[in-house]
Amino acid sequence: MDGFLDATVEGVTELRVHGVSGTPPADILNHPHPWQVAGDGTTGFYRRWWPAGQPAGEHVDVPGVRHREAYAWGGLTSGGRTIALWLLLSPFSLANLAYFMLPRPEGARPEGARAEGARLEGARRLRHAVEAALRLFALLLTGTLVGAVTRCTVDLVGWQCTAPGRACTLDPAPAWLRWMGALWPSADSPRLAVASLVPLVVVLLLWAAARRTWERDEQTAMPRDGVARPDLLLARPRLWQGGAPVGRLRAAHVGFSVASIGVAVSMPFAGSAAGLALSLVNGVPAVAAMVLVLLPGTARRADPGAPERSGRLLDRACVLVRLLALLAYAGTFAAALAGIPPGQGASARHTAAPGAGSVPFALTVVLAVLILAGTWRLACLDRTGEPRAMGGVAGWFVLMAATGAANALALGVTFWTASFLGVPDSPESLAHGEAVGRRLFLDDSVWWTAALIPVLAVGLGCAAAVLLRIRRTYAATLRDGLEGPYGGQANGCAVADTWALASLTDRAGPALGLVTWIGLAGFAAVTVINLSRLLPPKGGVAGLLATVGAWALTTVVVGLVLLGRRTFADSRLRRTIGILWDICTFWPRAIHPLAPPCYTERVIPELVGRLDTLTHGERDRVVLSGHSQGSVLAAALVLQLRPEVAGRVGLLTHGSPLRRLYAAFFPAYFGRAGLAAVRATVTWINLYRLSDPIGGPVFGRTDPFAPPAPAGSVDRFCWDPARPGPHEPLPRTRWHSDYWLESSYDDALAALLPPDGHRASQPLPDGG
């Protein structure tokens, strides 16, 4: 190969790990010619290549002495052309986040051995019960999205639109739908059978995508010679070892989804013996899947190489449930295609399986209440004094956000389908004897839920107004202190506004809580109105809200479709959308196996292996430089290293959300104990700016508005924008990016790795 490339592993290595949005290797290395030296097309390690030959200078690579290396993992989240399609599965990712936010009171202060032991045992049992409820809730979220597709096809198309004289049998109707009404003008069940193939294909695609990413990522094995730290959740290798439990949960979710499609086909004919029997047959695997996800062993993770208790039995049980669901659906499809007798009262139905969603709805409400009560109790039992977002119940609010997102997507697809095929309407209009015509009927509960969308928009507006006021107030308190460093009132005001805007991230929890409570209050109100029949959903103010909500939901679905089309040709847009997944999919698929895949279960093992290679020699040293989300990966990584490797590694983080977001929302993993363990394992320097809306200090502020920091503190403040010289304009604000272009970055790197290649100092004591 022409040119110069240092591929040696001896000496000092600066290993850079990027943050969100899949930063290209050229930008990470700050070099136009990156060259991959390890990895594959999805993730890889890159070095700098000089086409003109070996260069000279202070920061160039020298074989066997020093090198700059980049680890690019963005291909796991923002590299594929189908990245926008993962947006449809955002509720599943939020459900996984809620699980990891759950309080874990194991680390409480002792109050007496016997009383403390009893309290912790009770807390452990309660946590297991809440975790089981979360897994069942996640299963119902799958049912919500699959049920939306089933409603659109089996109900709106198969039962209503293609019935004699309805919208899909008239001349303007699409030919690819009109044939169903022409072929089966008087038989309902064959139309339902054919329509059910669409949700079945959707489930099979979800199954295939989840299995492909599972084989690519979760099957990456963790090294077996790591140090066991059972007292520290973040240090447990089993956290990144999800191959077996994710496979079991995936089989249960697929079985439940397929069974729900079979029930939708057979339930409209439950008045006949054949229809009732088929409904019961499809219900068996659905109930079995619900029981399996409740069992703790189904989702239990084991350490690398450790024998898994009852693992094989649960594997077979989950696969059997999936097989039974597929067989039950196949039998239902064949029977429906041949014709199922309508049964008594079937001719009066205007929607498929009326009231079939009442049981999942009631179960969802009960589970939400139980999870809230259990989470609140766990937060009360947790006496570690950790600073927790939203009083320790942030996970429940995130779970409610997942539910809202799932229902919004479900309703958007439903209204879009009804609007495309005909005219959406409420069954209430049938009581007035109006002609059916092109109207397609949606349950009153659907209309009332759509009416909540304008209410939520008002909630978002209120939250935005509160945040705007907080920003103005905080900026006013900063201005006086910034006029001196930035040389004038105008510059001080501009910087104060910038820093105040960045500080709003710390109010994310209260803003989420405000919107959630407004949504829940509206949901309770419309539920009472719907159940008591106080008002019709079409007409008056309620009808106006429902219509506005329906159009808003339809617009969202159309927007997602257009966004998906654009991402196929726009790599920058894929990177932008990938930011969402970089944040959400750090955590494993612990309770929802169909969520976008967790990249950490592949990244951590790969980085462990690479650090083993780079620190093989006695005098080899590595500075692990993590930006933004890369700093979170680095913190989780160092706790998986063997002591002899960790002793040769220094940690440099910048723009890090470890304290600001992760310690606040995931205190059981990134709380004081976890961050102190990272600090005790490696020498650590953290750079932060007050203009950064994501990153911040990890242990204590060192900026001009904070008390003097103790000597040897981990955190170091960086001015942004840089302070101008006399008569110079205010420099550009860098916000969250380009930390490694600052002089403070070079200073921190030099402090971690002196010229002789040895460690600058021993790990800092707690409190540094």
Quiz item: Condition test on Val287, is it assigned to a helix (DSSP H, G or I) and either touching a Gly at 6+ places or on another chain (Cβ under 8 Å) or open to solvent by 60 Å² or more (accessible area, probe 1.4 Å) (or both)?
Solution: yes
Quiz item: What residue, among those in the range 157-188 that are touching a residue at least 40 places away in the same chain (Cβ under 8 Å) and either within 20 Å of Tyr329 (Cα to Cα) or of a type in the set (Val, Ile, Thr) (or both), is least open to solvent (accessible area, probe 1.4 Å)?
Solution: Gly158
Quiz item: What number goes with the only condition from (1) touching a strand residue (DSSP E or B) at 6+ places or on another chain (Cβ under 7 Å); (2) modelled with pLDDT under 85; (3) β-branched (Val, Ile, Thr) that Val638 does not pass?
Solution: (2)
Exercise. Considering every residue within the range 618-625, establish whether at least one is closer than 30 Å to Val254 by Cα and at pLDDT below 85.
Key: no
Quiz item: Does Ala210 fit the bill of being over 30 Å from Gly339 (Cα atoms), in contact with a helix residue (DSSP H, G or I) (Cβ under 8 Å, 6 or more places away or on another chain), modelled with pLDDT of 75 or more and aliphatic (A, V, I, L, M)?
Solution: yes
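Could you list, in sequence order, the residues of the range 610-635 that are assigned to a helix (DSSP H, G or I) and either of a type outside the set (Val, Ile, Thr) or under 22 Å from Ser743 (Cα atoms) (or both)?
Let us first name the residues in the range 610-635 that are assigned to a helix (DSSP H, G or I), namely 610-614, 629-635.
Within the range 610-635, Arg610, Leu611, Asp612, Leu614, Gln629, Gly630, Ser631, Leu633, Ala634, Ala635 qualify.
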Practice problem: Please work out if Asp6 is farther than 22 Å from His627 by Cα, of a type outside the set (Val, Ile, Thr), at pLDDT below 85 and surrounded by fewer than 23 Cβ atoms within 10 Å (Cβ to Cβ). | Solution: no
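Residue by residue, here is whether (1) surrounded by fewer than 19 Cβ atoms within 10 Å (Cβ to Cβ); (2) part of a helix (DSSP H, G or I) holds:
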residue: Gly262; (1), (2): no, yes
residue: Gly271; (1), (2): yes, no
residue: Gly275; (1), (2): no, yes
residue: Asp315; (1), (2): yes, yes
Quiz item: List, please: which pairs have Cβ atoms under 9 Å, are six or more places apart or on different chains, and start with a residue in the range 268-281 that is more than 16 Å from Tyr329 (Cα to Cα) and end with one that is crowded, with 16+ Cβ neighbours inside 10 Å?
Solution: Gly271/Pro342; Gly271/Gly343; Gly271/Ala346; Ser272/Ile340; Ser272/Pro342; Ser272/Gly343; Ser272/Ala346; Ala273/Gly343
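Can you tell me which of Ala524, Ala465 is at pLDDT 75 or above and more than 25 Å from Gly392 (Cβ to Cβ)? Step through it out loud before you land on a result.
Details: Ala524 fails: more than 25 Å from Gly392 (Cβ to Cβ).
Criteria check complete, one pass: Ala465.
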Practice problem: Give just the number: which of (1) open to solvent by less than 10 Å² (accessible area, probe 1.4 Å); (2) at negative phi does Asp620 not satisfy? | Solution: (1)
Quiz item: Can you tell me how many residues in the range 56-99 are surrounded by fewer than 21 Cβ atoms within 10 Å (Cβ to Cβ), part of a helix (DSSP H, G or I) and at pLDDT 80 or above?
Solution: 1
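With the condition being open to solvent by less than 10 Å² (accessible area, probe 1.4 Å) and touching a residue at least 60 places away in the same chain (Cβ under 8 Å), I'd like the helices (runs of 4 or more DSSP H) fully within the range 636-692 carrying at least 1 qualifying residues. Show your work before the answer.
Values: elements: 643-646, 667-670, 672-681.
Ranges flagged: 667-670, 672-681.
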Practice problem: Could you list, in sequence order, all residues of the range 476-489 that are within 13 Å of His727 (Cα to Cα) and without any contact (Cβ under 8 Å) to a residue 60 or more places away in the chain? | Solution: Gly488
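I need a count of the residues in the range 472-485 that are under 40 Å from the mean Cα position of the chain (by Cα) and under 21 Å from Arg732 (Cβ atoms).
Taking the range 472-485 first, the residues under 40 Å from the mean Cα position of the chain (by Cα) are 472-479, 481-482.
Checking the rest, the ones that are also under 21 Å from Arg732 (Cβ atoms) come to 475, 478-479, 482.
Adding up the residues that qualify gives 4.
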Practice problem: Run down Ala401, Ala346 and say which single residue is open to solvent by less than 50 Å² (accessible area, probe 1.4 Å), among the aliphatic types (A, V, I, L, M) and modelled with pLDDT under 75. | Solution: Ala346
Self-check item: Restricting the range 358-389 to residues that are among the hydroxyl-bearing types (Ser, Thr, Tyr) and assigned to a helix (DSSP H, G or I), the residue that is modelled with the lowest pLDDT
Solution: Ser358
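The values are calculated or read from the model by the stated rules, or taken from the named source; none is laboratory data. What you see is a predicted model; the values in this text were computed from it and never measured. Here the Cβ is made from the backbone with ideal geometry for all residues, glycine too, and neighbour counts use every protein chain on show. Ligands, DNA and RNA are excluded from the accessible area calculation, which covers all protein heavy atoms including side chains. Shrake-Rupley method; radii C 1.70, N 1.55, O 1.52, S 1.80 Å.
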